[in-house]
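Right, one structure below, let's go through it.
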Amino acid sequence: MEFISTADAIIVDLRWNGGGNGPVGTWLSSYFSPTNIPLTLVYERRKDHTDFYATIPVKGKQRLDVPLYILTNSRTFSAAEGFTYDLQAQKRVTVIGEVTGRGVHPVNFMLSPKRTLK
């Protein structure tokens, strides 16, 4: 982040980014939005529990007013989409490109018991 601390504009290329770790998106979003701005929530039905995510204090210079652009394509997925959506919902970013892969919602796969068809 120090490298881009003096940039006049920032372009984040998330094309072909298959996702990653959601908290990294929260941390990155925190450089472009004030602290304690709500980002998203994740509800886990099995545990009846909701995790709330908001921007956090960061070390270094926040870039609250620099023009910010995110490039996407159909292969942008999961946490990369979440990062994009969080900043787009705040009207903080201009998104350029294709519709993403639509995989931003975390899932928890469960195997169903084997059944015999009669």
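The values are calculated or read from the model by the stated rules, or taken from the named source; none is laboratory data. Here the structure is a predicted model, which means the values were calculated and not measured. Counting neighbours? That spans all protein chains shown, and the Cβs are built from the backbone with ideal geometry, glycine included. We work out accessible area using only protein heavy atoms, side chains counted, and drop any ligands, DNA or RNA first. Shrake-Rupley method; radii C 1.70, N 1.55, O 1.52, S 1.80 Å.
Taking amide H positions as modeled 1.01 Å from N, with prolines and chain starts lacking one, the residues under 5 Å from V12 and 5 or more places away or on another chain are Y69, I70, L71. Here the 3J(HN,Hα) profile of region 70-79, calculated from phi with Karplus coefficients 6.51, -1.76 and 1.60 at θ = phi - 60°, is 10, 9, 10, 8, 5, 9, 6, 8, 6, 5 Hz, Gly and Pro shown as x. Accessible surface of V99, taken over heavy atoms with a 1.4 Å probe and every protein chain present, rounds to 90 Å². Pairs of Cα atoms nearer than 8 Å and 6+ residues apart set the relative contact order; for the chain it is 31 percent.
Is the shape of the chain rounded, prolate or oblate, going by the alpha carbon gyration tensor and its root eigenvalues a ≥ b ≥ c, with a/c under 1.5 for rounded and a/b larger than b/c for prolate? Numbers along the way, then the final one.
On the way: a/c = 3.03, a/b = 1.79, b/c = 1.69.
Verdict is prolate for the chain.
Database remark: amide H of G97 closer than 5 angstrom to the amide H of T72 (H placed geometrically; neighbours at sequence offset of 5 or more, or on other chains; Pro and chain starts carry no H). Note that region 34-43 has calculated 3J(HN,Hα) couplings of x, 5, 6, 8, x, 10, 7, 9, 10, 9 Hz, one per residue in order, obtained from phi through the Karplus relation 6.51 cos²θ - 1.76 cosθ + 1.60 (θ = phi - 60°); glycine and proline are x. When all protein chains stay in place and ligands, DNA and RNA are ignored, the 1.4 Å accessible-area order of T35, T72, largest first, is T35, T72.
Annotation for region 70-91 versus region 1-24: alpha-carbon center distance of 11 Å.
Ligands, DNA and RNA left out, the accessible area of the chain computed with a 1.4 Å probe is 56% carbon and sulfur.
Counting only Cβ charges, +1 for Lys and Arg and -1 for Asp and Glu, the dipole size of the chain around its Cα centre is about 700 debye.
I'd like the FRET efficiency for N36 and K91, computed as 1/(1 + (r/R0)^6) with the beta carbon distance as r and R0 of 22 Å, rounded to 0.05.
Numbers: r = 18 Å, r/R0 = 0.80.
Rounded to the nearest 0.05, the efficiency is 0.80.
If you run the Gaussian network model on the chain, springs between alpha carbon atoms under 10 Å, then out of N17, N36, N73 the most flexible one is N36. When the chain is treated as a GNM with alpha-carbon contacts under 10 Å, the residue of A79, A54, A89 showing the greatest mean-square fluctuation is A89.
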